[in-house]
Structure formats: C-alpha cells, structure tokens
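Below is one structure, written out as structure tokens; comments come after it.
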Amino acid sequence: MTRHAGPTVVFVDVDGVINADIPQWPTHTHRRADVFMRSIGSAQRIDYSTAVVDGLRDIEAMPGVEMRWLTTWQQAAAEDLAPVIGIGSTWPVMVEPTTLEGLGTSYLDWWKADAVRACVRAGNRVVWIDDDIAAWQRLARIFGKPERLEWITPGAVLTVRPASLHGLESRHFADIAEFIDETVP
C-alpha cells in the first residue's frame with residue numbers, strides 16, 4: 001500500500017456548510033457576522049462556528065491537501081468572507097461559467113459537479129463538501145441517469161453532505177481526516 005501521489009483537493013461550499021441557520025455546534029463557538037460583499041455592494045449575515053473554522057484549518061494543515069472554494073459566493077468567499085472567519089483568503093476559487101458554452105443543458109448539468117469531476121479526471125483524490133450534493137445525486141437517480149454519478153468512486157471521491165440547516169459537524173471532519181489519511185493500492 002502506498003499513498004496517493006497527487007494532492008487531495010478539498011472543495012468547500014459556504015451556505016449550508018460553513019454558514020448554517022440552525023447550527024449543531026457548542027454555543028460558545030457560535031458567531032454571527034455581517035459580511036460586506038463588495039461584488040453586490042451589500043452585507044450578507046452569516047452564522048458560523050469557530051469549531052468549523054478550526055476543523056477546516058486542521059484539514060488544510062494535513063500533508064498533501066489543497067483547499068478550494070466551490071460556492072455561489074464565488075470570489076466573495078476568498079475576498080470578503082475569509083477575512084471575517086479567518087480562513088480561506090488564499091484558497092483558489094472555482095468560478096461558475098457565465099457563458100452559454102459553459103452551462104449545461106439539463107437539470108443534471110451542475111457547474112460544481114463539473115469542476116469536481118475535472119479534478120478527479122486529472123488524477124486527484126477529492127473531498128467535496130456541499131449541502132446540495134444529495135439533492136443532485138437524487139435527481140440523477142430519479143431521472144434514470146446514474147452514469148452522471150459514475151465518477152464518484154470510493155477511494156477517489158468523498159462527498160460530504162451536511163444538512164443545510166446544520167452545516168458541518170464534528171463527524172464530518174472525522175470522515176474527511178480518515179479519507180485523507182487512507183492509503184490506496
């Protein structure tokens with residue numbers, strides 16, 4: 001058994017992952033902040049936990065890990081949110097396509113899935129953290145398109161799907177750390 005040669009790329013969403021309406025973390029770690037988003041010229045109220053930020057910091061510090069933003073917040077995640085929560089200002093931001101060529105033609109074409117799939121196809125192991133993954137996977141099954149999910153394979157991809165209202169929890173960080181530490185054949 002040997003370690004995977006490439007990095008493990010961790011894609012992080014914001015809403016429903018870091019920003020949660022009904023958090024499940026200890027009260028003393030709860031923070032509320034108004035993040036001024038320069039791109040739209042107004043503030044967005046967020047609720048987050050320092051425990052979640054610390055968990056992401058621990059994941060980021062693991063050998064062979066590369067963190068990336070994959071969120072509708074786009075550049076605002078790195079430029080506006082990161083300074084408020086204290087992590088992520090240097091993470092690359094995956095940008096949603098704005099041209100017709102970059103947009104899919106069906107409900108199952110999701111720009112976030114496309115970005116993660118491209119990373120997997122480039123030979124990286126991936127942790128994908130997004131509260132909407134389960135809904136997207138469910139749609140693929142409902143519409144009889146399981147081939148849309150075939151690239152999500154154990155050992156190559158870990159999908160972390162927190163409940164939208166609760167965001168990341170300690171069990172998610174344990175799963176992520178275990179996946180990153182796994183050895184592969």
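The values are calculated or read from the model by the stated rules, or taken from the named source; none is laboratory data. Keep in mind that what you see is a predicted model, and the values were worked out from it rather than measured. As a convention, Cβ positions derive from the backbone with ideal geometry for all residues, glycine included, and neighbour counts pool all protein chains shown.
ALA43 passes all but one of (1) more than 16 Å from the chain's Cα centre (by Cα); (2) part of a helix (DSSP H, G or I); which number fails?
The single condition ALA43 does not satisfy is (2).
Hey, PRO63 hits all of (1) part of a loop (DSSP other than H, G, I, E, B); (2) touching a residue at least 60 places away in the same chain (Cβ under 8 Å) but one; which does it fall short on?
(2)
Could you pull out the residue among ARG171, ARG141 that is among the basic types (Lys, Arg), closer than 21 Å to LEU56 by Cβ, surrounded by fewer than 18 Cβ atoms within 10 Å (Cβ to Cβ) and out of contact with any strand residue (DSSP E or B) (no Cβ under 8 Å at 6 or more places or on another chain)?
The conditions single out ARG171.
In region 66-86, what residues are surrounded by fewer than 20 Cβ atoms within 10 Å (Cβ to Cβ) and assigned to a loop (DSSP other than H, G, I, E, B)?
THR72, GLN74, GLY86
Quick one: in region 37-59, which of the residues that are crowded, with 16+ Cβ neighbours inside 10 Å and in contact (Cβ under 8 Å) with a residue 40 or more places away in the chain is nearest to VAL157 (Cα to Cα)?
The residue in question is ILE59.
Could you check region 129-185 and list, in sequence order, the residues that are over 17 Å from the mean Cα position of the chain (by Cα), of a type in the set (Gly, Ala, Ser) and outside any helix (DSSP H, G or I)?
GLY144, GLY155
Given the conditions (1) touching a helix residue (DSSP H, G or I) at 6+ places or on another chain (Cβ under 7 Å); (2) closer than 25 Å to ARG32 by Cβ; (3) at pLDDT below 95, which single one is not true for GLN74?
With (1) touching a helix residue (DSSP H, G or I) at 6+ places or on another chain (Cβ under 7 Å); (2) closer than 25 Å to ARG32 by Cβ; (3) at pLDDT below 95 applied to GLN74, the lone miss is (1).
Output the qualifying pairs, or none if there are none: Cβ atoms under 6 angstrom, residues six or more apart or on different chains, first residue in region 1-25 and at pLDDT below 90 and buried (at least 16 other Cβ atoms within 10 Å of the Cβ), second residue part of a strand (DSSP E or B) and of a type in the set (Val, Ile, Thr).
Correct list of pairs: HIS4/VAL184.
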